[in-house]
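Data first, discussion second: the structure below is written as structure tokens.
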Amino acid sequence: MRRKLAAGNWKMHGSVSALAELTTLAAQIDPRGCETVICPPATLLFPACNIAKPTEIAIGAQYCHPQSQGPFTGDISARMIVETGASYVLAGHSERRESHAETDSAVHNQILAVWKENLTAILCIGESGEDRGAGITLDTIATQLSGSLPDGATGENAVIAYEPVWAIGTGDVPTLTQISELHDFIRAQLVRRFGDTQGNAIRLLYGGSVKPSNAAEIFTVENVDGALVGGASLQAVDFIPIIQALNDA
Ligand code: 13P
């Protein structure tokens with residue numbers, strides 16, 4: 001049985017005052033329900049971990065450098081992330097693939113660094129609108145998956161988030177049939193590569209314009225084990241109903 005997971009990616013949003021949302025979230029979610037992870041900006045990792053420590057909420061970083069230290073101005077390493085108390089790291093988000101030119105091989109190396117510190121990677125993959133228009137969605141997904149997920153992925157150290165780029169922050173959501181096709185495809189790829197046990201243990205999240213209004217129907221899709229939520233994770237009032245929908249699914 002895969003434990004359901006609701007992950008919030010705050011991206012470059014949230015000042016110190018946003019930590020109040022985390023406190024509200026912790027007070028209101030069912031501790032016996034799905035796993036909940038919040039990925040705040042790096043500046044908030046320490047205080048977020050302090051708030052989350054006595055709760056069931058886990059904290060994640062949004063990126064880490066493949067090296068553990070060195071002359072890499074502006075970067076943070078997995079070793080530094082461990083010190084904050086965080087347990088997850090996002091890898092290969094499309095916004096970083098785009099604005100920081102992160103390749104599959106760079107993401108692969110980041111995940112190795114994440115695993116070296118015993119953290120869990122949430123690998124993001126997803127096709128662009130152009131890919132979908134050209135009918136090469138599955139090729140793109142297969143390439144990203146094989147190129148960025150290293151050997152040795154397990155249900156403990158890896159989560160995959162399918163985030164179609166054209167659905168992120170746009171309000172456009174794929175049909176349930178499209179989500180189902182992609183999640184089944186990713187599951188089949190994982191089983192083929194990692195075997196039945198680990199391939200079926202790795203959780204698959206859907207991401208891209210998940211809202212309180214559409215979460216419940218997305219969670220009816222088989223092989224959707226939760227969501228990676230951007231905008232609607234910034235405020236507890238929006239994220240809580242999404243978490244509840246996942247608990248009820
Ligand atoms: P939105 O939920 O704002 O569309 O963002 C999705 C996302 O990119 C999460 O990583």
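The residues of the range 166-188 that are open to solvent by less than 40 Å² (accessible area, probe 1.4 Å) and in contact with a helix residue (DSSP H, G or I) (Cβ under 8 Å, 6 or more places away or on another chain), listed by number, are Ile168, Pro174, Ile179, Leu182, Ile186, Arg187. When we screen Gln198, Gln235 for residues that are in contact with a helix residue (DSSP H, G or I) (Cβ under 7 Å, 6 or more places away or on another chain) and of a type outside the set (A, V, I, L, M), the only hit is Gln235. What pairs come out if I take residues in the range 15-30 that are among the acidic types (Asp, Glu) and pair them with residues that are assigned to a helix (DSSP H, G or I) whose C-beta lies under 9 Å away, six or more apart or interchain? Correct list of pairs: Glu21/Ser233; Glu21/Ala236; Glu21/Val237; Glu21/Phe239; Asp30/Ile243; Asp30/Gln244; Asp30/Asn247. Among the residues of the range 52-61, the one identified as in a loop (DSSP other than H, G, I, E, B) and either under 17 Å from Trp115 (Cβ atoms) or among the β-branched types (Val, Ile, Thr) (or both) is Thr55.
Okay, residues lined up against (1) under 15 Å from the mean Cα position of the chain (by Cα); (2) at pLDDT below 95; (3) under 21 Å from Ile218 (Cβ atoms):
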| position | (1), (2), (3) |
| --- | --- |
| Ala142 | no, no, no |
| Leu145 | yes, no, yes |
| Val159 | yes, no, yes |
| Val165 | yes, no, yes |
| Ser180 | no, no, yes |
| Val191 | no, no, no |
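Among the residues making up the range 13-57, those that are under 15 Å from the mean Cα position of the chain (by Cα) and within 16 Å of the ligand (Cβ to nearest atom) are Thr36, Val37, Ile38, Cys39, Pro40, Pro41. Restricting attention to the range 204-228, the residues being away from the ligand (no atom under 14 Å from the Cβ), open to solvent by 20 Å² or more (accessible area, probe 1.4 Å) and within 17 Å of the chain's Cα centre (by Cα) number 1. Do we have any residue at all in the range 141-153 that's hydroxyl-bearing (Ser, Thr, Tyr) and more than 18 Å from Ile122 (Cβ to Cβ)? Yes, some residue in the range 141-153 is hydroxyl-bearing (Ser, Thr, Tyr) and more than 18 Å from Ile122 (Cβ to Cβ).
The values are calculated or read from the model by the stated rules, or taken from the named source; none is laboratory data. From a predicted model like this one, the values you see are computed outputs, not experimental measurements. Glycine also receives a Cβ, built like all others from the backbone with ideal geometry; neighbour counts cover every protein chain displayed. Protein only, heavy atoms only, side chains kept; ligands, DNA and RNA dropped before computing areas. Shrake-Rupley method; radii C 1.70, N 1.55, O 1.52, S 1.80 Å.
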